[in-house]
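Have a look at the structure below, then the notes.
The values are calculated or read from the model by the stated rules, or taken from the named source; none is laboratory data. None of these values were measured; they are calculated from a predicted model. Methodologically, a virtual Cβ is constructed for each residue, glycine included, from the backbone with ideal geometry; neighbour enumeration extends over all protein chains shown. The accessibility values were calculated without ligands, DNA or RNA, using every heavy atom of the protein model including side chains. Shrake-Rupley method; radii C 1.70, N 1.55, O 1.52, S 1.80 Å.
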Amino acid sequence: MKQRLVVVGNGMAGMACVEQILKYAPRFDITVFGDETHVNYNRVLLSSVLAGEKAADDIIVNPLEWYRKNEITLRAGVRIVDVDPDARTVTGDEGSVTGYDVLLLATGSSAWFPKIEGLDKDGVLAFRTLDDTRELLRRAGPQTKAVVIGGGLLGLEAARGLQVRGCRVTVVHLMPTLMERQLDPDGGHYLLGKMEDLGIKVLLGRTTTAVLGNGHVEGVALSDDSCLEADLVVVAAGIRPNVELAYKAGLHVNRGVVVNDYMETSSPSVYAVGECVEHRGVCYGLVAPLFEQGKVLAATITGNRGPTYTGTVQAAKLKIMGVDVFSAGDWSEQHSEPVRFEDRALGVYKKLTVRDGKLAGVILVGDTSDSHRYMEWLRTQADLTSQRRHLLFPPPAADAGLDVAEMADSATVCGCVGVTKGAIIQAIHERGVNTLSQLKECTRASTGCGSCSSMCQDLLRAVAPEFEEEAKKVICGCLPFAEDRLRDILRSQRLKSVYEVLEIYGNGQGCEICKPALSYMLDMLWCGDHEEDRSARFINDRVHANIQKDGTFSVIPRIRGGVTSAAELRKIADVADKYRVPMVKITGSQRIDLLGVKKEDLPRIWADLDMPSGQAYTKGVRMVKTCIGTDFCRFGTQDSTSAGVELERRFEQLYTPHKVKMAAVGCPRNCAEATVKDIGLVGQEGGWQVVVGGAAGKSVRKADLLTTVESTEQALEAAELFFQYYRENANYLERTYDFVERTGIEKVRKDTVYAPEPVRQGLRDRFAKSKARAVDPWLEGRQPRTAAQFVPIQALQKVLA
Amino acid sequence: MNGRQWVQITSCENIPLREGRAVTLGDREIAIFNLGDRFLATDNRCPHRGGPLCDGIVAGGSVVCPLHAWKVKLDTGAVERPAAHDKCVATYATRIDNGVVMIELPNR
């Protein structure tokens with residue numbers, strides 16, 4: 001008969017251990033009690049849920065099916081309140097009594113509440129569980145005043161999360177510097193600067209003496225006799241191991257449940273794992289030790305006693321986007337040699353401590369890209385004598401794969417879950433893993449704190465035959481997010497104005513890089529239904545003309561497909577005369593450019609021309625160059641002129657990540673150079689080839705074939721699918737030729753012309769929605785958005801020269 | 001007469017939030033920026049190639065020239081980018097009087 005294993009605690013430590021136990025032959029009937037009503041989730045990522053980067057569902061580690069599949073009885077929402085070690089039973093808070101043969105305590109820890117008057121008021125919360133997080137999300141909103149008590153890892157993550165939700169946040173911290181358990185005073189100081197740059201107020205060296213208010217929180221009183229207004233108080237002052245049951249079970253308990261290297265407690269039938277445990281005098285509050293302990297305990301508990309747990313190098317990483325902080329080991333300078341680097345302007349601080357030629361500790365603020373290397377040195381206690389000159393700045397690797405190649409197969413890549421390089425390579429070979437998400441699913445690597453994701457990427461890049469890049473560069477320092485991530489955030493948070501985004505996710509200011517990028521994204525995402533903010537646009541998009549080196553502008557009217565008329569040319573000539581336009585030029589795009597126009601003349605010139613804007617100044621649809629097709633040409637096989645005019649008419653006035661130049665040619669002689677355009681229609685006997693991603697600029701790239709179709713309408717439709725796909729997925733300022741090359745034409749085809757009908761319909765619908773709202777920007781000449789949009793300010797008072 | 005004089009320029013709403021506008025005063029061309037909490041004024045020409053600073057994108061307390069992205073600090077006129085540059089644009093004191101932006105000019 002199987003033994004009954006009762007697990008108290010349905011968190012990461014308990015379930016990681018059960019996962020390991022399940023790897024041995026089934027010998028237990030397992031019952032799991034959890035006082036939370038949820039299945040096991042990744043507590044480390046609660047701050048990501050608070051910050052809106054992840055949904056609650058995204059952080060689930062073991063879904064209900066997992067319990068079912070492994071025949072585990074889950075009693076969620078039942079708190080075990082008593083244990084009887086003689087009768088071998090546990091009692092639930094709903095009155096149930098459950099017998100066990102083996103008891104596993106994985107009770108974790110709880111938020112510690114310092115003795116402060118008024119903590120019982122409504123609006124005082126911890127930040128420890130999914131329910132805490134949900135409650136914070138419910139109460140946090142624009143202008144909510146939040147005070148976070150505690151400037152440690154959790155407090156700062158809570159502060160940023162709340163701020164992202166629009167709260168005005170103040171952190172009150174007892175110690176003179178932030179995160180003093182992980183950072184020395186200098187490191188804490190750098191971190192302080194970064195938090196303040198984000199717009200979070202930090203008060204150091206102060207304690208909270210009372211929470212004020214009548215029933216509900218209204219403020220807090222501080223030790224310096226000042227008061228802060230507050231609608232919400234989050235207590236993140238530390239955690240305490242939950243050891244009450246261990247006492248009742250008669251176990252030896254200090255600060256935590258005392259265990260030996262086999263993870264055994266003082267009782268043969270009761271075990272403990274995770275944050276409630278004290279091993280060699282240390283209670284861990286981080287995720288990596290849980291997994292290591294779980295593995296050892298699984299061996300012991302299943303009768304395979306042998307592996308030992310000898311402690312974990314303490315390492316911590318702050319999970320705030322754009323605030324990189326990493327700390328590990330013993331970084332105190334007593335009996336060790338410090339090695340430092342700092343750059344105040346860049347906000348980078350690095351410190352290593354070396355003892356007996358080995359790395360003892362590390363602090364990284366502002367740049368944590370080397371954290372993995374240092375972690376490995378700490379773990380292996382490698383002799384660094386020969387590398388002393390390269391501790392902070394390794395000599396550049398001869399090839400990019402070297403870092404990975406230098407690692408042994410047994411070296412740990414993911415410290416949280418405990419996945420080695422060998423295990424990852426095996427997954428790549430045997431399970432066909434090609435992307436980081438597949439790797440996560442398959443090995444769980446990089447699902448803990450996520451700090452090894454770049455190492456996992458490097459491994460994939462080096463080993464996987466069809467590696468697909470997933471990580472992308474962040475936009476700029478003002479807004480430290482990759483663009484695809486940012487698009488998700490804007491969409492899910494329904495943000496519609498540039499300043500809203502910068503206030504919540506950025507530094508509140510923005511720059512010439514992120515502002516135009518955000519302006520484009522918002523216009524594209526909301527199909528034109530966004531809050532247009534011209535201050536976030538480049539001058540060209542404020543006045544709808546292209547600024548020249550002398551501050552004058554160029555005017556290019558739309559001449560679709562390059563087809564014009566005598567009357568139109570006469571009109572252009574008249575305008576050139578009337579406004580004394582210094583230069584009239586035929587462009588390379590079959591259009592006419594009026595150069596050297598003064599800003600204040602723009603509205604009148606547009607009115608006199610009475611032609612739509614050619615939008616030659618913007619990141620948008622430029623033109624369709626055409627050949628003369630079948631009307632006059634002896635060789636033409638398709639009416640490229642009409643097709644080009646129609647293509648331009650359909651796409652014009654829409655904005656794109658970068659400019660889009662197109663062409664349509666009537667035969668493969670390619671007179672209008674369609675094969676080096678962003679989108680080209682190449683006529684042939686009986687149909688069209690639609691080609692994309694061509695270039696004839698800084699570099700020359702022949703366009704890839706998207707599809708071959710029979711009718712002009714089909715060609716236009718294929719072009720439309722690609723066009724909208726590019727709008728939605730390219731990074732700002734990424735031309736189609738970079739986008740197609742990065743994405744791969746096979747994937748582009750799969751996602752557009754070969755996509756299932758609902759997907760194609762979605763692209764068409766969003767395209768149509770944007771098109772319906774698009775207008776000729778030159779109409780603004782008749783009704784300027786602001787009084788001085790085009791004309792200079794006339795001073796109210798005269799000043800003599 | 002040596003000294004300084006305050007000149008009435010235009011009502012505040014003519015300069016949109018976080019944008020700049022140029023005004024010609026005698027032989028000076030001055031850019032005025034609306035930073036929300038204050039107005040700042042500098043010479044309108046970038047010390048690099050004479051680009052119109054009033055047409056630049058405002059980044060915090062600085063403006064980025066539209067021609068070659070030189071970055072000029074609006075309160076001091078110092079060039080922030082390229083770094084370590086000793087070139088500077090002239091700045092002018094401003095104040096708001098009855099909803100009108102005023103600039104202080106040196107007399108000549």
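Determine if region A:111-130 includes at least one residue that is in a helix (DSSP H, G or I) and either over 24 Å from A:Ser327 (Cβ atoms) or open to solvent by less than 40 Å² (accessible area, probe 1.4 Å) (or both). Step through it out loud before you land on a result.
Of the residues in region A:111-130, the ones in a helix (DSSP H, G or I) are A:130.
From what's left, either over 24 Å from A:Ser327 (Cβ atoms) or open to solvent by less than 40 Å² (accessible area, probe 1.4 Å) (or both): A:130.
Yes - at least one qualifying residue is present in region A:111-130.
Name the strands (runs of 3 or more DSSP E) wholly within region A:43-102 that hold at least 3 residues that are touching a residue at least 40 places away in the same chain (Cβ under 8 Å), more than 18 Å from the chain's Cα centre (by Cα) and over 28 Å from A:Glu441 (Cα atoms)?
Details: elements: A:73-76, A:80-84, A:89-92, A:97-99.
Passing ranges, in order: A:80-84.
Is it true that A:Glu512 is closer than 30 Å to B:Lys71 by Cα and among the acidic types (Asp, Glu)? Spell out the reasoning first.
Values: closer than 30 Å to B:Lys71 by Cα: yes; among the acidic types (Asp, Glu): yes.
Yes: the conditions hold for A:Glu512.
Quick check on my filter: what residues within region A:242-272 are among the hydroxyl-bearing types (Ser, Thr, Tyr) and open to solvent by 60 Å² or more (accessible area, probe 1.4 Å)? Reasoning before the result, please.
Here is the first cut: in region A:242-272, the ones among the hydroxyl-bearing types (Ser, Thr, Tyr) are A:247, A:262, A:265-267, A:269, A:271.
Those that are among the hydroxyl-bearing types (Ser, Thr, Tyr) and open to solvent by 60 Å² or more (accessible area, probe 1.4 Å): A:Tyr247, A:Tyr262, A:Ser266.
For the structure I just gave you, tell me whether A:Lys317 is open to solvent by 10 Å² or more (accessible area, probe 1.4 Å), charged (D, E, K, R) and within 30 Å of A:Asp197 (Cβ to Cβ). Break it down into steps so the answer makes sense when it comes.
Values: open to solvent by 10 Å² or more (accessible area, probe 1.4 Å): yes; charged (D, E, K, R): yes; within 30 Å of A:Asp197 (Cβ to Cβ): yes.
So A:Lys317 passes the test.
Taking region A:171-202 only, how many residues are of a type in the set (Ser, Thr, Tyr) and assigned to a helix (DSSP H, G or I)? Steps first, please.
Here is the first cut: in region A:171-202, the residues of a type in the set (Ser, Thr, Tyr) are A:177, A:190.
With assigned to a helix (DSSP H, G or I) added as a condition, the list becomes A:190.
Residues flagged as of a type in the set (Ser, Thr, Tyr) and assigned to a helix (DSSP H, G or I) within region A:171-202 amount to 1.
Tally the residues that are touching a helix residue (DSSP H, G or I) at 6+ places or on another chain (Cβ under 9 Å), of a type in the set (S, T, N, Q) and surrounded by fewer than 18 Cβ atoms within 10 Å (Cβ to Cβ), restricting the search to region A:65-110.
Final tally of qualifying residues: 2.
So is B:Ala69 among the small types (Gly, Ala, Ser) and away from chain A (no Cβ under 12 Å) or not?
On the way: among the small types (Gly, Ala, Ser): yes; away from chain A (no Cβ under 12 Å): no.
No.
Pairs, please: C-beta under 8 Å, at least 6 apart or cross-chain, first residue more than 12 Å from A:Gly683 (Cα to Cα) and in region A:620-644, second of a type in the set (Asp, Glu) and open to solvent by 30 Å² or more (accessible area, probe 1.4 Å)?
From region A:620-644, the pairs are A:Lys625/A:Glu673; A:Asp631/A:Asp639.
Considering only region A:445-552, give the helices (runs of 4 or more DSSP H) lying wholly within it that have at least 2 residues that are modelled with pLDDT of 95 or more and away from chain B (no Cβ under 13 Å). Steps first, answer last, please.
Working: elements: A:453-463, A:483-492, A:498-505, A:514-525, A:539-543.
Hits in region A:445-552: A:514-525.
Does region B:82-91 contain any residue that is more than 9 Å from chain A (Cβ to nearest Cβ), in contact with a Ser or Thr (Cβ under 9 Å, 6 or more places away or on another chain), outside any loop (DSSP other than H, G, I, E, B) and farther than 27 Å from A:Glu600 by Cβ?
yes
Go through region A:203-247 residue by residue and tally those that are assigned to a loop (DSSP other than H, G, I, E, B) and out of contact with any Phe, Trp or Tyr (no Cβ under 8 Å at 6 or more places or on another chain). Full working, then the answer.
Residues of region A:203-247 that are assigned to a loop (DSSP other than H, G, I, E, B), as a first pass: A:204-207, A:213-215, A:217-218, A:223-226, A:230-231, A:236-238, A:242-243.
Still in the list and also out of contact with any Phe, Trp or Tyr (no Cβ under 8 Å at 6 or more places or on another chain): A:204-207, A:213-215, A:217-218, A:223-226, A:230-231, A:242-243.
Qualifying residue count, region A:203-247: 17.
When you go through B:Asp97, B:Asp55 one by one, which is the residue that is of a type in the set (D, E, K, R), more than 9 Å from every other protein chain (Cβ to nearest Cβ) and either on the phi < 0 side of the Ramachandran plot or touching a Pro at 6+ places or on another chain (Cβ under 8 Å) (or both)? Before the answer, list the steps.
Working: B:Asp55 fails: more than 9 Å from every other protein chain (Cβ to nearest Cβ).
Result: B:Asp97 is the single residue among B:Asp97, B:Asp55 that is of a type in the set (D, E, K, R), more than 9 Å from every other protein chain (Cβ to nearest Cβ) and either on the phi < 0 side of the Ramachandran plot or touching a Pro at 6+ places or on another chain (Cβ under 8 Å) (or both).
Which one of these does A:Gly588 not meet: (1) more than 13 Å from A:His544 (Cβ to Cβ); (2) modelled with pLDDT of 95 or more?
Of everything listed in (1) more than 13 Å from A:His544 (Cβ to Cβ); (2) modelled with pLDDT of 95 or more, A:Gly588 misses just condition (2).
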